[in-house]
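Everything below concerns the one structure shown next.
Read-outs throughout are calculated quantities, based only on the coordinates presented, and are distinct from any laboratory measurement. Nothing here was measured: the structure is a model prediction, and the numbers come from that model. We place every Cβ from the backbone using ideal geometry, glycine too, and count neighbours over all the protein chains shown.
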Amino acid sequence: MASERLGFMQGRLSPMVDGKIQAFPAVHWRDEYPSARQLGLALMEWTLDDEGLDGNPLMTAVGCAVMEEIAKAGFLSQVTAAGRHLADALAKLGQRHGLGGVRGRGLLLGLDLVTLRGIGVGLRRAYWQTANRGDYEQLVSEQAGSAAYGLVGVDEKDPAAFRSAVDSIPSLPRVQVRLAVDPDPTMRYAARLLYAQWRDVGLGPRLVTGTAPSVFRRLLAAYPQEEAIPAELVLGDGIGSRAQLLRALGATDQHGQLVHLDDQLEFSADVVPVAWIVDARLVSPRLRGWSEDVLGNVDYAVVRSQASSRRR
């Protein structure tokens, strides 16, 4: 049983960060909750570093909500029990999706997506499968392969599913979907790309400024971790399974559980992911030692220029 008087400084139960024993463990902060529970530690002093402060979950509403869920009494034991029951199914799911870790996109900023409400699942799936991600991808020229076919993982375009969706449209209810769009010119232009494709395949959306049940928007990650966008949709918008999100937050194989949540959202088609938005940094090939941590920070002390090295 954990003592109410014993605690620890955050980071002391995680691997050192850049050789520092005391630093915010951006990659391992969730892992410290079960470790502390096993050691009988009930209190933790959170670490805030000046560097990467905007990427600390304590600084965001979604990050705080995630921490509150993880810290709830009984949360970890419930997750462990559910994890044993789902282990075999998740192993098969992991093989199917290839769990190679977070997609390699540098510092993730957000995702352009459509949330669909007030229409049937068949119509939602038609919108999901026929979204014009190809032309939209040209808007994000800094990163090849920015088209998004899920909230996590590395799913790719399925031409057969596209053709099947197009074939199903004549049998679907003819509903004009009112789609709210931000008045920002870039977002309006992007929305028109989606609108043109949907109109051409026989769907009938209508772009509106203001409020509407369905919305096209840019959802920014509250902090650069893989669960940030799914957490915002589930905890902030009430879209998707809260129980599955909580299993993911408490799981050792968090990516596999998030993929499972992503599969559920794709099946329901409540969310149509369109394109990843990233922080693109152009780095000269003359620089050596350049690398970013999970929060996008660069250790400039180890960065060297070939030109300056030759002058020595």
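Structural remarks
- Around GLN176: net Lys/Arg minus Asp/Glu count, Cβ-Cβ under 13 Å: +4
- With R₀ fixed at 45 Å, the C-beta to C-beta distance from ASP167 to PHE8 puts the FRET efficiency at about 0.15.
- Estimated at 0.36 nm per residue, the fully extended path between ASP253 and VAL175 surpasses their Cα-Cα distance by 24.0 nm.
- Around the amide H of ALA180, modelled in the peptide plane, lie the amide H atoms of VAL208, ALA212, SER214, VAL215, PHE216, all under 5 Å away and 5 or more residues distant in sequence or on another chain.
- Separation of the ARG37 and ALA160 label points, Cα + 7 Å toward Cβ, nm: 4.2
- The modelled label-to-label distance for the pair VAL201/GLN22, using points 7 Å beyond Cα in the direction of Cβ, is 5.6 nm.
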